[in-house]
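Undergrad: I am attaching a structure below and will ask some questions about it afterwards.
Derivation of every value follows stated rules applied to the coordinates shown; laboratory data play no part. The shown structure was predicted, so the numbers you read here are calculated from the model rather than taken from an experiment. Virtual Cβ from ideal backbone geometry, glycine too; neighbours counted across all protein chains shown.
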Amino acid sequence: MVSAEKSSGLEMIRVRGLTKTYHAGDVDVHALRGVDLDVARGEFLAIIGPSGSGKSTLFNILGGLTPPTDGQVWIDGVDLRGLSESQRTEMRQRKIGFVFQKYNLLPTLTARDNIALAQNLSHRNAPPPGFDEILQMLGIKDRLGRRPRALSGGEQQRVAIARALVTQPAILLADEPTGNLDTENSVAVLNILRDLNMRNRQTILMITHNPEAAAYADRIVAIRDGEMHDA
Amino acid sequence: MINKLVLENLKARWVRTFLSALVVGVQVMSILTLIGLSDGLLEQSANRAKGSGADIFLKPGAQNTFSLSSGQVLQKFVPLVAKQPHVAAAVPVLIVPVQVVTSMNGVDLTELERVTGRIRFLEGGPPKGLDDLLVDEYYAKQNKVRVGRTVRMLNHDWRVCGVIPAGLLGRFIVPLQRLQQLTGNAEPARISQILIKLDDPALVNQEVEYLNQLLKGNLQAISMSAFVSQFSMNSIPELKAFVGVITVISVVVGFLVVFLSMYTAVVERTREIGILKALGAKPLTILDILVREAIILAILGWIIGLGLSFAAKTIVMTFLPASLPVVTVPDWWPIAAAIAIVGALLGAVYPGLKAARQDAIEALAYE
């Protein structure tokens with residue numbers, strides 16, 4: 001059931017009674033079963049859970065990639081309920097930055113062009129102020145002319161983070177951002193996320209199954225069988 | 001940035017890009033070469049008509065300009081026409097097709113010279129016997145024919161007596177009497193048309209009117225300029241239909257090539273489409289990317305096609321100048337480009353819509 005609750009506007013993310021059911025043939029798969037969640041502005045939250053727990057489904061709904069079956073989601077005060085696909089796309093352009101486990105850079109473009117494309121798709125003419133410092137912090141300024149195949153996994157993930165930040169998103173959604181990285185690069189990427197959160201007050205929601213990665217966040221919540229639990 | 005993405009996508013898969021553009025190019029070349037051939041044949045016919053030097057043509061009444069291939073005119077009209085005021089010469093000509101696009105002209109050469117003026121021979125001289133044959137320079141070059149050689153046409157052996165410059169009446173000229181005998185046009189003597197030379201070319205329109213009144217529809221008089229103006233594609237419904245069919249085939253070929261190329265590209269790039277969607281690309285943006293790729297393929301194909309059409313023309317005019325006269329028709333370049341682009345756009349529609357409708361999550365999960 002959908003409650004008549006409203007976002008207070010103080011949270012960057014507010015989720016109430018969120019459910020998602022997939023239909024696999026005659027079988028209904030309940031990926032999320034009434035999830036409630038609040039993420040404050042400037043918070044770094046980790047959602048931890050095993051495979052099949054529903055964390056990726058939650059990631060996709062919060063990112064506006066798929067609509068929920070029931071429940072309400074507010075992103076930066078905007079109620080996602082009832083948004084058309086086109087409106088969800090616009091919401092993604094303006095408010096969400098994605099970092100994926102597999103980096104998902106476009107292979108035919110250089111790192112610089114991958115970043116510029118995200119900027120272009122969000123209708124921005126130039127990178128936001130201070131973006132140069134972010135590139136400096138990510139340590140990829142001298143790698144921008146290279147295509148993804150000429151970059152290491154860690155470098156690709158840092159380019160992906162830069163691409164996510166060029167649109168000045170309200171929320172950075174990271175799905176297993178260290179899942180494909182070795183320990184050294186994992187630590188580097190997690191430190192970058194923490195620095196971004198601390199220096200820029202960037203709201204970050206990170207999905208992971210790795211407790212060590214989750215430990216970099218301000219707060220950890222667990223998801224199991226489509227339900228939220230305190231970690 | 002979108003343009004850069006499009007170009008980089010095409011560059012990254014350059015073999016497929018090149019092959020797709022090449023096939024579109026072959027299609028463009030086919031159109032331009034066929035149009036060049038049609039125009040070449042028409043231009044050649046018009047030049048031959050002009051080369052005859054006649055002021056007026058008399059041909060069977062209500063007959064199409066391009067149906068002069070048999071004897072439908074009784075030769076007895078010739079003396080009647082010849083004695084009319086201002087008619088300096090009236091020369092009967094029988095035209096018989098001997099090859100797919102080539103005809104043999106039966107005419108008395110002495111009579112013909114009264115219309116054309118003195119005929120220049122590149123080799124040999126005028127016919128001395130009824131089985132002598134004059135060929136034009138293109139036929140002689142293409143078939144390496146020299147004076148004295150025997151050529152078999154219409155189940156008859158002809159002796160080549162001379163080579164004349166191209167553009168004079170026809171590719172082959174033989175004595176009228178022998179051609180009438182060989183084609184069943186001797187009894188009663190029949191011809192295809194009468195060439196008329198006036199004593200004053202300024203009187204052409206007046207004489208055309210006069211002759212049409214005189215001949216009461218049995219024969220139709222037509223001035224040289226009116227006759228030559230009929231040598232255009234618009235005057236030949238069959239040729240227009242043929243060009244229409246070729247155009248449709250070309251659009252279909254372009255559609256299939258680009259469809260296949262774009263469909264493969266969409267399947268290959270499912271994950272990339274998911275990334276674009278996650279970054280905020282709307283379905284129209286995805287469609288736009290594929291449409292731009294298709295247009296670039298069409299433009300590349302068009303450029304390749306132009307180059308190939310010049311190559312084809314050079315090859316044809318080197319080896320088959322007599323059989324297939326091909327000319328360059330720049331008026332058709334933009335039309336060929338439009339045909340290529342229409343085919344490509346049609347080919348891009350379904351793959352583009354498929355990509356635009358792609359579910360972002362499924363696309364991102366695609367391996």
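Undergrad: Quote the charge dipole size of the range B:79-223 about the Cα centre in Debye, to the nearest 20; the model charges only the Cβ of Lys and Arg (+1) and of Asp and Glu (-1).
TA: In total the dipole reaches around 480 debye.
Undergrad: Can you pull the semi-axes for the protein assembly as shown, root of five times each eigenvalue of the Cα gyration tensor, sorted largest first, whole Å?
TA: 84, 23, 19
Undergrad: Sticking with this one: Can you give the Rg/Rh ratio of the range B:73-147, where Rg is from the C-alpha atoms and Rh is the Kirkwood radius?
TA: 1.02
Undergrad: Using only the alpha-carbon atoms of the range B:66-198, report the extent along each of the three principal axes, biggest first, to the nearest angstrom.
TA: 44, 30, 28
Undergrad: So how tilted is helix B:2-12 from the main axis of chain B? Cα-based, degrees 0 to 90, rounded to 10.
TA: The angle comes out at about 80 degrees.
Undergrad: A further question follows. Across the range B:281-293, in residue order, what do the Karplus-derived ³J(HN,Hα) couplings come to in whole Hz, using 6.51 cos²θ - 1.76 cosθ + 1.60 with θ = phi - 60° and x for Gly and Pro?
TA: 6, 7, x, 5, 5, 4, 4, 4, 4, 5, 5, 5, 4
Undergrad: Follow-up question, since we're still on this one. Can you give the angle from 0 to 90° between the axis of helix B:237-268 and the longest principal axis of chain B, with both taken from C-alpha atoms, to the nearest 10?
TA: It works out to around 20 degrees.
Undergrad: Related question: Which of B:225, B:192, B:45 ends up with the largest GNM mean-square fluctuation for chain B, with Cα atoms connected below 10 Å?
TA: Taking springs between Cα atoms under 10 Å, the residue moving most is B:225.
Undergrad: So, one more: Work through the residues other than residue B:231 whose Cβ is under 12 Å from its Cβ and net out their charges, Lys, Arg +1 and Asp, Glu -1.
TA: 0
Undergrad: Continuing with the same structure: Test of understanding: express the Cα radius of gyration of chain A as a ratio to 2.2 N^0.38 Å, with N the residue count.
TA: Relative to the 2.2 N^0.38 Å estimate, chain A comes out at 0.99.
Undergrad: I've got another one for you. Once the convex hull of the C-alpha atoms of chain B is built, how many Å³ does it hold per residue, rounded to a whole number?
TA: In chain B, the Cα convex hull volume per residue is 166 Å³.
Undergrad: Divide by every residue of chain A the summed helix terms, -39500 (n - 2.57) for each DSSP H run of at least 4, and state the resulting mean residue ellipticity at 222 nm, rounded to the nearest 500 deg cm²/dmol.
TA: Counting only the DSSP helices, I get -9500 deg cm²/dmol.
Undergrad: Moving on. Checking a compactness column here: for the range A:20-83, what do you get for Rg(Cα) / (2.2 N^0.38 Å), N being the number of residues?
TA: Scaled against compact globular proteins, the figure is 1.18.
Undergrad: Give me the percent of DSSP beta bridges within the protein assembly as shown that run antiparallel, rounded to the nearest 5.
TA: Close to 65 percent.
Undergrad: Say we join alpha carbon atoms closer than 10 Å with springs in a Gaussian network model of chain A; which of A:48, A:140, A:207 then has the biggest fluctuation?
TA: For chain A, modelled as a Gaussian network with Cα springs under 10 Å, the answer is A:140.
Undergrad: Shifting gears a bit: Output wanted: per-residue J couplings in Hz (rounded whole) for the range B:13-27, from phi through Karplus 6.51 cos²θ - 1.76 cosθ + 1.60, θ = phi - 60°, x for Gly and Pro.
TA: Karplus values, whole Hz, x for Gly and Pro: 10, 5, 5, 5, 4, 5, 5, 4, 5, 5, 5, 4, x, 5, 5.
Undergrad: Mean Kyte-Doolittle of at least -1.0 plus a Cα span of 24 Å or more along the axis: flag which DSSP H helices in chain A meet both, please.
TA: A:183-200
Undergrad: Turning to a different aspect of this structure: Name the residue farthest towards the positive end of the dipole of the protein assembly as shown from the options B:167, A:35, A:46, assuming +1 on Cβ of Lys and Arg, -1 on Cβ of Asp and Glu, about the Cα centre.
TA: B:167
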